[in-house]
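The values are calculated or read from the model by the stated rules, or taken from the named source; none is laboratory data. If you're wondering where the values come from, they're calculated on a predicted model, not measured in any experiment. Using ideal geometry, Cβ is built from the backbone for each residue, glycine included, and neighbour counts are taken over all protein chains shown. Ligands, DNA and RNA are stripped out before the accessible areas are found, and what is left, the full protein with its side chains, is counted by its heavy atoms. Shrake-Rupley method; radii C 1.70, N 1.55, O 1.52, S 1.80 Å.
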Amino acid sequence: MGWKTLDDMDLAGKIVLTRVDINVPVKDGTVTDATRIERIVPTIRDILAKGGKPVLLAHFGRPKGRVVPEMSLRVTLPTLEEKLGRKVAFVETPSRAALEALPPETVVLVENTRFAPGEEQNAPEMADFLAALGDIYCNDAFSAAHRAHASTEGVARRLPSCAGRLMQAELTALEKALGNPVRPVAAVVGGAKVSTKIDLLGNLVEKVDHLVIGGGMANTFLAAQGIDVGKSLAEHEMAATAREILTKAETAGCAVHLPKDIVVARAFAAGAAHDTVPADQCPADAMILDAGPDTVAALIDLFATCKTLIWNGPLGAFEIEPFDAATNAAAEAAARLTAEGKLVSVAGGGDTVAALNKAGAADRFTYISTAGGAFLEWMEGKTLPGVAALEG
Ligand code: ADP
Ligand code: MG
């Protein structure tokens, strides 16, 4: 962990360029989910408390280097002000002089960084321009750290830099789960497709003691072992890749856990008639929509022997009942072990977070990453340019 935090920085009288992710959902000109805004409040408060002037840099949508009025960050201002409990100055075209002229204790929001073509290109001129605006750079946008953009990477290389509180929490949790975990470590990887998660599986088998494969992805692995999976979602063209991953796991001493029993149905619909059968007995006209109770029981036993758990991807079609049963039961077990202090549990991924929330388990996990793409790239073992720039 070569990065600094706000505690390491002297911010008194300084302009602190603060990269945040407030790319929030908006409908009819109103923010419909303020989670991302709420999560950056501690960083802004701490900068103010240390005498710094926070100047927020953020993107919004994909304007592709042009000014697109509908993608103005202005729409986030009322929510930002409400959550911070203070006025926020909005600046369309920032200059050092204009920022200095604002009274101390002012929070500033700069217009969408992606209106400038240099942002996504990480153009040196754009990074120079941003760096000249401030004295210190603070990155609180882990969820944008997998992109090497001027406001996430270039500027960090030009100013004394540190992680904001949200970035700090995320990096600390991720380090605990995969960087330097207490063993044994189990990873649960589920979801729809192997093809979107090959790199992730390949990285995990080298790092964890147990790899639990669930969801549609498990169907591909079962099929690759010659099991008939009927009409299940499965990527038959990925059979060789699946077998390679199994071989790699064996070499690395990672135990792979596939479903022992499965829940099958003829329709992908809530309440569809269903059966539980052994994993090699899927009827030709049925599809596997969830893991069965024996699989879940074994999984819960496995969790109890582990000290660390990292989770991406639901174990079944969790959106439709009763095919959420395995995901719910496994999530509950992980949450309970975590609450009892026996397990460090970290989870991430769009559908995973939704599934764990639905299971009522998310708030007992050690850490839930909402970072999406950045979380997955980190699970793939990739260097995130925004984080690397903080370390450099
Ligand atoms: P995340 O967004 O957390 O990375 P994914 O997008 O990879 O997760 O996977 C989630 C999707 O996988 C869900 O829509 C879920 O319905 C689907 N899924 C899981 N198991 C199955 C299955 N057996 N058959 C069909 N779809 C499945
Ligand atoms: Mg998804």
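Out of everything in segment 157-167 that is basic (Lys, Arg) and in contact (Cβ under 8 Å) with a residue 60 or more places away in the chain, what residue ends up being surrounded by the fewest Cβ atoms within 10 Å (Cβ to Cβ)? Looking at residues that are basic (Lys, Arg) and in contact (Cβ under 8 Å) with a residue 60 or more places away in the chain, I get Arg157.
Does Glu70 qualify as being surrounded by fewer than 14 Cβ atoms within 10 Å (Cβ to Cβ) and not hydroxyl-bearing (Ser, Thr, Tyr)? Judged against the criteria, Glu70 is a match. Of all the criteria given as (1) of a type in the set (A, V, I, L, M); (2) open to solvent by 10 Å² or more (accessible area, probe 1.4 Å); (3) more than 16 Å from ligand 2 (Cβ to nearest atom); (4) touching a strand residue (DSSP E or B) at 6+ places or on another chain (Cβ under 8 Å), the one not satisfied by Ala304 is (4). Please work out if Thr76 is hydroxyl-bearing (Ser, Thr, Tyr) and closer than 20 Å to Leu159 by Cα. So Thr76 does not fit the description; no.
So, of the residues in segment 275-292 that are farther than 13 Å from Ile227 by Cβ and not aliphatic (A, V, I, L, M), which turns out to be nearest to ligand 1 (Cβ to nearest atom)? My answer is Asp290.
Test Gly381 against the stated conditions and say whether it is crowded, with 21+ Cβ neighbours inside 10 Å, closer than 16 Å to Leu200 by Cα and of a type outside the set (Val, Ile, Thr).
No, not satisfied.
For segment 186-201, filtered to residues that are open to solvent by 10 Å² or more (accessible area, probe 1.4 Å) and among the small types (Gly, Ala, Ser), the residue that is farthest from ligand 2 (Cβ to nearest atom) is Ser195. For segment 168-185, indicate whether the set of residues that are in contact (Cβ under 8 Å) with a residue 12 or more places away in the chain, buried (at least 21 other Cβ atoms within 10 Å of the Cβ) and within 16 Å of ligand 1 (Cβ to nearest atom) is non-empty. Yes, that holds for at least one residue. Flag not set for Trp378, criterion: of a type outside the set (Gly, Ala, Ser), at negative phi and within 12 Å of ligand 1 (Cβ to nearest atom).
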